[in-house]
Amino acid sequence: MESGERQPFDLRDEPLEEAGRRAADLFVEINRGLEQRRVAPAVERGALLGQFEGTLGDEGVGLLKTLEEFRDKVLTASMGTPHPLYLGLVNSSPMPGAALADLLVSSLNNNGGAFHQSPAMTACETEVVRSFVRLFELPATAEGMILPGGTWATLQGLVLARARAIGRRAPGPGLRIYTSDASHFSVARSAFVVGIGEDDVVSLPTIGRGELDVRLLADAIAHDRRAGKTPLAVVATAGTTGTGAVDRIADIADICQSNSLWLHVDACYGGAIALVPELRDMIAGVGGADSIAVDPHKWFFIPVTAAMLLVREAGLAARYFDTAHGSYIPGDGEVDAWRRGIPTTRRSSGFTVWAGIRAHGWRTIRDAVRRNIDLTRLLERLLGERGFVVLPDGKLSIACARWEPANVAGEASDRLQEEIVRRVVATGRAWFSVVRHGGRIWMRFNMVNLYTREKHIRELAELLRETAREVG
Ligand SMILES: Cc1ncc(COP(=O)(O)O)c(C=O)c1O
């Protein structure tokens, strides 16, 4: 090699030890310093985008400088998702054991698509799936896999529903899916990708806080049959995103069974209540589902992204997804994940889930779920005492409230809720959002957090009272 010529990339030249120590320090700083930082950073989109524009050059700046920039420019402009008063978009505080595991997953970079590419991590994922199959009382033969999001899990579930009904044929018009008008938008999006027309996603009205009105379901199916449509599947929700309502899964399962329809349960948010004996009744019947979407990256405190699809019928997924005969990927006789799902290459996030639960135990999750629910009820009570209107019958960890001064109504009162949210978020002391429910805008507080305690909730209630007085 001529002198002056650049050496190829070589780990021996990299300051791995120092970078590892600094990364570990950052991990500690992020976790220990949670409450010292703002929840939402005070950033302006244009300015922030400008800061990063043109930062990718032919020459790298090195590991240490990049970590320094993380500390100065990224951490300071990041959402404090794990903060005790981030009461936001069903994003959780990850268990440290799982967060650390993600660094190891990336470093090993085993492709979770096949056992021979990720032997130990696939074994961990298998144990995770087995545990969730048991948790949801599916038959021991049920299958499952980690996917990049609940949206993907529902998509893959509906692909299988379609495949079982019509094989690999393209769907014609009139193939129908039933869900509630409070279900997550990922249901309609998945239906769209699956080839089911907008008009064929039947969005049934809800009652109470947002449970599907089961009385209407059987009638809707019978009516559609008479009209020459082809009912395919029902998507029930165990924990709606807006208000935390839980559909009556056992009743829906009965209707699906008597009509030979696929039952997909979206347990992405609420699935963790299966861990809590006194709450399990709320999702009675879930074991009768054909598929279940559940998000370890929500109320199981695993970092994003780790979602899961569980499928009751063994072998069904391989029958339809295994399209790669004669592929470049060696087989060993086992039906690996790449042959029974949409993804080919997969991050080994099953290990992340396993490591989080292995390190901290199911009890950490169960206790946090209970605590989140209790504190959410406390928040409702404190807000009620401070003159807010609180949406009744809350069961999970979502509280909805409105500030309704006598002289403000209609649209103006909706704007008032948004203004309160805006002002509180601007303080950097809490983050939450609004949701439309029953035709009105409500403030929505969603607790999916290991660290929220009573003192935080009392602080938030006071902050809300002060802000409401200011604006109203
Ligand atoms: C009930 C429910 N289903 C599905 C989803 C979508 O899941 P993901 O964001 O993991 O794709 C969400 C997200 O919040 C949800 O709350």
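No value in this document is a laboratory result; all are computed from the given coordinates. Worth saying up front: this structure is predicted, and the values here are computed from it rather than measured. Every residue, glycine as well, gets a Cβ built from its backbone with ideal geometry; the counts of neighbours run over all protein chains shown.
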Where does the charge balance sit around Glu137 when Lys and Arg score +1, Asp and Glu -1, over other residues with C-beta under 12 Å from its C-beta?
+3
In whole angstrom, how far apart do the alpha carbon centroids of segment 55-96 and segment 172-221 sit?
38
If packing is taken as the average count of other Cβ atoms within 10 Å, what order do 239-250, 49-60, 176-187, 97-108 fall into, highest mean first?
239-250, 176-187, 97-108, 49-60
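With viscosity set to 0.692 mPa s at 37 °C, what whole-number translational diffusion coefficient in µm²/s follows for segment 14-81 from Stokes-Einstein and a Kirkwood radius over Cα pairs?
Using the Kirkwood radius from Cα pairs, D works out to 244 µm²/s.
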Using only the alpha carbon atoms of segment 379-472, find the Kirkwood hydrodynamic radius as the inverse mean reciprocal pair distance, in angstroms to one decimal.
13.4
Can you compute 3J(HN,Hα) from phi for each residue in segment 387-395, using the Karplus curve 6.51 cos²θ - 1.76 cosθ + 1.60 with θ = phi - 60°, rounded to whole Hz and x for Gly and Pro?
x, 7, 8, 10, 5, x, 6, x, 10
Within the chain, percent of DSSP bridges classed antiparallel, to nearest 5
60
Residue by residue through segment 50-62, the couplings from Karplus 6.51 cos²θ - 1.76 cosθ + 1.60 with θ = phi - 60°, in Hz, x for Gly and Pro, are x, 4, 9, 5, x, 8, 9, x, 5, 9, x, 8, x
Can you tell me which lysines have their Cα less than 17 Å from the Cα of Lys65? Leave out same-chain residues fewer than eight positions away.
Lys73
Take the Cα atoms of segment 192-259, find their three principal axes, and give me the spread along each one in whole Å, biggest first.
34, 27, 17
Show me the ranking of peptides 312-322, 443-453, 163-173 by mean Cβ neighbours inside 10 Å, starting with the highest.
443-453, 312-322, 163-173
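In what sequence, highest mean first, do 195-206, 119-130, 349-360 appear when ranked by Cβ atoms within 10 angstrom?
Details: 195-206: 16.2, 119-130: 19.2, 349-360: 24.3.
Per-residue Cβ counts within 10 Å, averaged per peptide and sorted highest first, yield 349-360, 119-130, 195-206.
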Using Cα positions and a limit of under 30 Å, work out the lysines in reach of Lys455, with same-chain residues fewer than 8 apart set aside.
Lys298, Lys395
Could you give the size of the charge dipole of the chain about its Cα centre, using +1 on the Cβ of each K and R and -1 on the Cβ of each D and E, expressed in debye and rounded to the nearest 20?
1120
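Per the Kirkwood formula on distinct C-alpha pairs, the Rh of the chain is how many angstrom?
One decimal place: 24.2 Å for the Kirkwood radius.
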Enumerate the amide H contacts of Ser180 below 5 Å, restricted to partners 5 or more residues apart or on another chain; note that Pro and chain-start residues carry no placed amide H.
Leu204
Using the reciprocal of the averaged 1/r over all distinct C-alpha pairs, how large is the Kirkwood radius of segment 331-412 in Å?
17.3
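Take the Cα radius of gyration of segment 101-358 and divide it by 2.2 N^0.38 Å, with N its residue count; two decimals is plenty.
0.99
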Relative compactness, segment 152-246, computed as alpha-carbon Rg over 2.2 N^0.38 Å
1.05
What ³J(HN,Hα) values, in whole Hz, does the Karplus curve 6.51 cos²θ - 1.76 cosθ + 1.60 give for segment 448-461 when θ = phi - 60°, with x put for Gly and Pro?
9, 9, 6, 10, 6, 10, 4, 4, 5, 5, 5, 5, 5, 4
Would you give the gap between the C-alpha center of segment 347-406 and the C-alpha center of segment 1-45, rounded to a whole Å?
33
